[in-house]
Amino acid sequence: MNNIIKFAAISTALSFAACSPAGDQIDRKVDELMAKMTIEEKIGQMNQLSGGYNTIEDVAAGRVGSIHNCVDAEEINAVQKAAVERSRLGIPVIVSRDVIHGFRTIFPIPLGQASTFDPAIVEQGARVAAVEASAAGIRWTFSPMLDIARDPRWGRVAEGSGEDPYLDALMGVAMVKGYQGDDLSDPTSMAACIKHFAGYGAAEGGRDYNSTMISERSLRNTYLPAFKACADAGAATLMTSFNEIDGIPSTGNTFLLKDLLRDEWGWKGMVVTDWNSSGEMIAHGFAKDLKHATELSVNAGVDMDMMSHGYVSYIAELVKEGKISEKEIDRAVRNILRLKFELGLFENPYVDPQASAKVDYAPEHLAAAKQCALESAILLKNNGVLPLEKARTILVTGPLADAPYEQLGTWTFDGQPEHTVTPLQALRKDYNVIWEPGLGYSRDKNTSNLAKVTAAASRADAAVVFVGEEAILSGEAHSLSDLNLQGAQSELIKAVRRSGKPVVVVVIAGRPLTIERDLENCDAMLYAFHPGTMGGEALADLIKGRVSPSGRLPMTFIRTVGQAPFYYNHNNSGRPCSGNETLLNDIPITAGQTSLGCTSYYLDSGYGPLFPFGYGLTYSTFSYSDIALEKNVLSKNDVLRVKCRLTNTGSRKATELAQLYVRDLVGSVVRPVRELKRFERVTLEPGQSAELSFELPVSELAFWNADMEYVVEPGDFMVWVAPDSDSGTPLDFKVE
Ligand code: BGC
């Protein structure tokens, strides 16, 4: 139970092959090989192509270092054969794929995995993904995505861990550990790729690919900690992002890729562009043509080019012209070859075509996927109808109740919907189910079947409505400016409501939607980010009450899209909200102009979010008591120790997520109103209580200050142990 995850411990858990005797041996092999390579062969290693059989001649000619998107073992072996047996130096290719939340067995989308606040299950998910994908010959995944996301309009919020740097880092490190295992050369390991470096989640207005304006301080305090933690944990590769920051596209950003990543962090891995992100610097207006883009990317420190074709076309010329030095090429090729040696590809280039059949959808993989989905769903409202223990006949309705493909979510090229267990299938084992879909798909506006749904609900003891988003509505390039339920889904909920029967709404979506109006029309709401292959069984367990919900929000839920971006760990304005603000309809007609006493909020949607970060209910209740500090004056070398008694005051076994937040009251720069620093998932029987103890080294209160130094500034702090980011009573402490 006492499983507080210690950030620092995790970050150092993985060792760097590069610093070990094995690493030295690999470096020698790389040197020997590089001594034999022509400049053209070196450039070939820096080129990644998408495909399979179509790339064979390029591979045989030594023009390709990596193949993306080939998932057929026979095809991968054929490409590998061309590399190993036909290219002059026999250098194997490395095969990559976007294995984002599972290969065959699909886990909840990463945002859903973050909702578990359980790094252990997330690590297990990444291990399952690595075992299944490596069996097909894939040894490099473009995951985890570490982009902090504060704006749910951005479709890619689905792919990350939400808005909090600490949670993001823990989840990222868990994934890196799961993918890479203890040893990259194990044939079941995949190299992780931390992406998108950097700031991609801050895209203006949530419009994908858009510009960002992030100060260096805010990059370092908010957007980079997860990258640093994963880099320290041995993440093998890193991907640059599409966006520009303050006018500099990441793929041409020397500060990010050299000064910070290499010189300051000392990271030794391999850097790849995002898909044509080098070429896209032309559209940005940063490069005049592909040759110029290539020059900028290589010189900024990018080792491998994904699909712009610029490297293979122009590097040789640029070297002759003296615009790129051979030293830059050697740096890149060294990083690429080191990875191939570390992965054991020279010894083991081929894959057993029968291997996948033995591991895909293995029972233990499905069990882990179910556990993750169980821990991920968040109970947002419950007036007592859940769990549906007494109901015998239930109406199941809604476009996400039996949508095997949609519940897998974004980036699931290889998950096979025929293996999905839908909520409808699972609930049929527990209840006498009346099935009336109501709508064909989430955007369906046709209301002609809603009367039938009302009638069907009247014949049931209760109704469960599955609404949300189809998989395609979130993910890359799927930004939205309206986050209400699409189509006639809100009307569907109302139609069920008209029956007068208890209404449970289950939202299955890729992002936080604006569900305030739907909350009013239901008795209970469970929010499941696309829950993956085993989502149906997990949701049925929660609905039936075999397990109590334990997911918590990894992103603030807003009332209306106009409130975006909204995040709990914001800075205070000079006029923070008091909670008693005047709202639109309270303003007298012909009121005189005034700004006195006014604070930072919207007249029409108020000052608070719908639900804060960290929020989530369960089928029991918990009380926090005896919160105490071991001491309240600490030095910079001390450890803050906080104890607290947690009691299950309800009548069911349940899991609480106790969260520890701090606030640095006065800084040389304004500090966030709260920051998550620790959490613990605690499962207690009714009436049972436990003493929790949190330990936080004072060194973890450091931040990038006014002088751009990473320091703990002495002064007054507050600390909370609370069930979410908006509650609890703080205690004070001082750092001297
Ligand atoms: C995405 C990356 C992805 C890459 C390769 C890009 O469009 O931004 O996240 O890894 O494609 O498929």
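The values are calculated or read from the model by the stated rules, or taken from the named source; none is laboratory data. Here the structure is a predicted model, which is why all the values come from computation and not from measurement. Note that we place each Cβ from the backbone using ideal geometry, even for glycine, and neighbour counts take in every protein chain shown. Note: accessible area is taken over every heavy atom of the protein model, side chains too, but ligands, DNA and RNA are not part of it. Shrake-Rupley method; radii C 1.70, N 1.55, O 1.52, S 1.80 Å.
For this structure, a couple of remarks:
- Yes/no for Ser668 being closer than 30 Å to Asn585 by Cα, open to solvent by 40 Å² or more (accessible area, probe 1.4 Å) and of a type in the set (S, T, N, Q): no
- Tally, over the stretch 675-704, of residues that are in contact (Cβ under 8 Å) with a residue 40 or more places away in the chain and open to solvent by 20 Å² or more (accessible area, probe 1.4 Å): 15
- The stretch 600-625, residues that are at pLDDT below 90 and of a type in the set (Ser, Thr, Tyr): Tyr607
- The residues of the stretch 705-733 that are open to solvent by 60 Å² or more (accessible area, probe 1.4 Å), under 29 Å from Glu216 (Cβ atoms) and in a strand (DSSP E or B), listed by number, are Tyr710, Asp716.
Yes/no matrix, rows are residues, columns are (1) within 21 Å of Ser725 (Cβ to Cβ); (2) out of contact with any Gly (no Cβ under 8 Å at 6 or more places or on another chain):
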position: Phe613; (1), (2): yes, no
position: Ser623; (1), (2): yes, yes
position: Asp626; (1), (2): no, yes
position: Asn632; (1), (2): no, yes
position: Asn648; (1), (2): no, no
position: Thr655; (1), (2): yes, yes
position: Leu660; (1), (2): yes, yes
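- Any hit, the stretch 75-94, residues being part of a loop (DSSP other than H, G, I, E, B), within 14 Å of the ligand (Cβ to nearest atom) and either under 13 Å from Gly137 (Cα atoms) or hydrophobic (A, V, I, L, M, F, W, C) (or both): no
- Listed by first and then second residue, the pairs linking a residue in the stretch 260-277 that is closer than 19 Å to Gly234 by Cα and open to solvent by 30 Å² or more (accessible area, probe 1.4 Å) to a residue that is within 16 Å of the ligand (Cβ to nearest atom) and at pLDDT 95 or above, with Cβ atoms under 9 Å apart and 6 or more places separating them unless they lie on different chains, are Trp265/Phe227.
- When residues in the stretch 467-486 are screened for being open to solvent by 30 Å² or more (accessible area, probe 1.4 Å) and either within 16 Å of the ligand (Cβ to nearest atom) or at positive phi (or both), 5 of them pass.
- Residues (among the small types (Gly, Ala, Ser) and buried (at least 22 other Cβ atoms within 10 Å of the Cβ)) located in the stretch 74-107: Ala83, Ser96, Gly102
- Where a residue in the stretch 134-145 is farther than 11 Å from Ala192 by Cβ and within 11 Å of the ligand (Cβ to nearest atom) and its partner, wherever it lies, is modelled with pLDDT under 95 and assigned to a loop (DSSP other than H, G, I, E, B), with Cβ under 9 Å and at least six apart: none
- Each residue in the stretch 236-260 was checked for being away from the ligand (no atom under 16 Å from the Cβ) and within 20 Å of Ser66 (Cβ to Cβ), and 1 pass.
- Filtered residues of the stretch 308-339 (kept if touching a strand residue (DSSP E or B) at 6+ places or on another chain (Cβ under 6 Å) and either basic (Lys, Arg) or open to solvent by less than 50 Å² (accessible area, probe 1.4 Å) (or both)): Tyr311, Asn335, Ile336, Leu339
- Pairs where the first residue, in the stretch 594-608, is more than 14 Å from Gly579 (Cβ to Cβ) and the second is not acidic (Asp, Glu), C-beta under 6 Å, 6+ apart: Leu603/Leu584; Asp604/Leu584; Ser605/Arg559; Ser605/Thr560; Ser605/Gln563
- Residues being β-branched (Val, Ile, Thr) and touching a Cys at 6+ places or on another chain (Cβ under 9 Å) - total across the stretch 215-239: 1
- When Gly65, Gly51 are screened for being modelled with pLDDT of 95 or more, within 16 Å of the ligand (Cβ to nearest atom) and in contact with a Gly (Cβ under 7 Å, 6 or more places away or on another chain), only Gly65 passes.
- Selection status of His284, over 28 Å from Ala231 (Cβ atoms) and either within 16 Å of the ligand (Cβ to nearest atom) or open to solvent by less than 10 Å² (accessible area, probe 1.4 Å) (or both): no
- Search result, residues across the stretch 640-652 that are open to solvent by less than 40 Å² (accessible area, probe 1.4 Å) and closer than 23 Å to Asp716 by Cα: Leu640, Val642, Cys644
- Hits in the stretch 357-380 - residues which are in a helix (DSSP H, G or I) and surrounded by 22 or more Cβ atoms within 10 Å (Cβ to Cβ): His365, Ala369, Lys370, Cys372, Ala373, Leu374, Glu375, Ser376
- When the stretch 177-188 is filtered for residues that are out of contact with any strand residue (DSSP E or B) (no Cβ under 7 Å at 6 or more places or on another chain) and in a helix (DSSP H, G or I), the ones remaining, listed by number, are Lys177, Gly178.
- From Tyr209, Tyr200, residue being at positive phi and within 14 Å of the ligand (Cβ to nearest atom): Tyr209
- One residue alone among Arg217, Arg153 is part of a loop (DSSP other than H, G, I, E, B) and more than 14 Å from the ligand (Cβ to nearest atom), and that residue is Arg153.
- The residues of the stretch 294-307 that are in contact (Cβ under 8 Å) with a residue 60 or more places away in the chain and open to solvent by 10 Å² or more (accessible area, probe 1.4 Å) amount to a single one, Met307.
- Unique residue being touching a residue at least 60 places away in the same chain (Cβ under 8 Å), within 16 Å of the ligand (Cβ to nearest atom), within 21 Å of Glu680 (Cβ to Cβ) and outside any loop (DSSP other than H, G, I, E, B) when the list is Ala169, Ala158, Ala226: Ala226
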